[in-house]
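No value in this document is a laboratory result; all are computed from the given coordinates. Just so we're clear, the structure is a prediction, and the values are computed from it rather than from any experiment. Cβ atoms come from the backbone with ideal geometry, glycine included; neighbour counts cover every protein chain shown.
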Amino acid sequence: MKKTRKGINKTQQQLAIDMLQSREYISKQERGERKIPPVTTKYFIEKYNSPWLALEAVNEYIGWGITQLDSPRANSDKYFLQLLLEKELLEALETIAQVTWTKDIDYVHSMELQDIHRSAETMASVVHFSTLYLTSLCETYNISWLRVWRKHHSDLKTLGYHF
């Protein structure tokens, strides 16, 4: 949250006034002494197009999730991120092809189970790097994170999927 606040050039006091919260409460959120409430996350996403804070909030609330890679190269070199995603997508296609779905899981052989585990682990990487890629696109080209997801959900509903 601190990084996001500094990125929009606001002091804790200015942010507290904008959000109708105390400066002390903002400070505790930034230090991790208080969880970032959903209303704060929503505020940053809607007003400042800040998907990173949204992803960190999800991670904070459920204990796992997508986080920014902690390396200068990964955070500044968008081409590097694109290459990582391409590699993971190709690997995912290979591992998906190795999985044979069966209704009777009691008869899955150990080799098949290894393929299933490998596919699941690869898909976790795809989800992670795809989300980082999408977040970077939104941030770099000022694409609304919310608009992208709202359109995605609308498209799913149009296709007959409900959630």
What three numbers, in Å, describe the spread of the alpha carbons of the chain along their principal axes, ordered from the longest? 61, 35, 35
Could you pull out every one of the aspartates and glutamates with an alpha carbon less than 16 Å from that of K47, ignoring same-chain neighbours closer than 8 positions? D18, E139
Cross-link pairs K2/K157; K35/K87; K28/K87; K3/K157; K2/K151; K6/K157 - those with Cα-Cα distance over 32 Å: K2/K157; K35/K87; K28/K87; K3/K157; K6/K157
Grab the Cα-Cα distance for S27 and T140, subtract it from 0.36 nm times how many residues apart they are, and report the gain in nm with one decimal. 37.9 nm
Which order do W149, W64 fall in if you start with the one that has the fewest other Cβ atoms within 10 Å? W64, W149
Which one of L113, L83, L134 has the biggest mean-square fluctuation once the chain is modelled by GNM with Cα springs under 10 Å? L113
Selection from A120, V108, L146, by position along the positive dipole direction of the chain (Cβ): L146
Once label points are set 7 Å from the Cα along Cα→Cβ at both T158 and Y61, what is their separation, rounded to one decimal in nm? 2.8
Where the only charges are on Cβ atoms (+1 Lys, Arg; -1 Asp, Glu), what is the dipole of region 1-151 about its Cα centre, to the nearest 20 debye? 1140
Taking only Cα atoms of region 2-62, what ratio of Rg to Rh do you get with Rh as the Kirkwood inverse-distance radius? 0.92
For the A97, Q14 Cβ pair and Förster radius 41 Å, calculated FRET efficiency rounded to 0.05 is 0.15
At 222 nm, what value in deg cm²/dmol follows for the chain if DSSP H runs of at least 4 each add -39500 (n - 2.57) and the sum is divided by all its residues, to the nearest 500? -22500 deg cm²/dmol
If I model a spin label at K151 and R34 as a point 7 Å from the Cα along the Cα→Cβ vector, what separation in nanometres do I get? 3.6
